1. Given Cβ point charges of +1 (Lys, Arg) and -1 (Asp, Glu) and nothing else, what value in debye, to the nearest 20, does the dipole of region 7-92 about its Cα centre take?
2. What is the angle, in °, between the Cα long axis of helix 66-98 and the longest principal axis of the Cα atoms in the chain? Nearest 10 is fine, range 0 to 90.
3. Considering Cα pairs under 8 angstrom that are at least six residues apart, work out the relative contact order of region 7-92 and quote it in whole percent.
4. If you wrap the chain's Cα atoms in a convex hull and average its projection over all directions, what's the area in nm²?
5. If amide H atoms are built 1.01 Å from N in the plane of the peptide, which residues on other chains or at least 5 residues away come under 5 Å of the amide H of Ile64?
6. Distance between the C-alpha centers of region 26-61 and region 67-87? Whole Å please.
7. To test your reading of the geometry: what angle, between 0 and 90 degrees and rounded to tens, separates the Cα axis of helix 15-33 from the longest principal axis of the chain?
8. Enumerate lysine pairs in the chain that are 8 or more residues apart or on different chains, then count those whose Cα atoms are under 23 Å apart.
Amino acid sequence: MKLALPKTIKNDLGAEVFHSSVRCLKLVIVANGSEIKGKVLRELALEVEVQWVYLRLLHDLKAISTGQFEELCKRLVEISPQITAWMAWDKKQQKAATAVPKKT
């Protein structure tokens, strides 16, 4: 979704939103290629929280419509549980990898 932001917001908050979005994408790629994903996934979860704040600011400043705000929020709502599930999966994988086999 491309947003047509007012000039006064575009170069400041708009740029921050763009950079945060790119950071989210980069963190997904890095996490996907990492053996130990936990730290990167925590950074990703925090960056998604930053996205929530940016969206709220954009909406409060009337830079985006309520419809745009709702659509973007819907997308973040879909992403957050995926990150949580990925973190749980990674934790389980790390726990299994460090488990000591029992002697019989």
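Read-outs throughout are calculated quantities, based only on the coordinates presented, and are distinct from any laboratory measurement. Remember, predicted model here, so these are calculated numbers, not experimental data. Note: ideal-geometry Cβ built from the backbone for every residue, glycine included; neighbour counts use all protein chains shown.
1. Here the size comes out at about 100 debye.
2. Its long axis makes an angle of about 10 degrees.
3. The normalised contact order for region 7-92 reaches 32 percent.
4. Quarter of the Cα hull surface area: 7.4 nm².
5. Placed amide hydrogens put His59 under 5 Å from Ile64.
6. 11 Å
7. Roughly 20 degrees, rounded to the nearest 10.
8. 23
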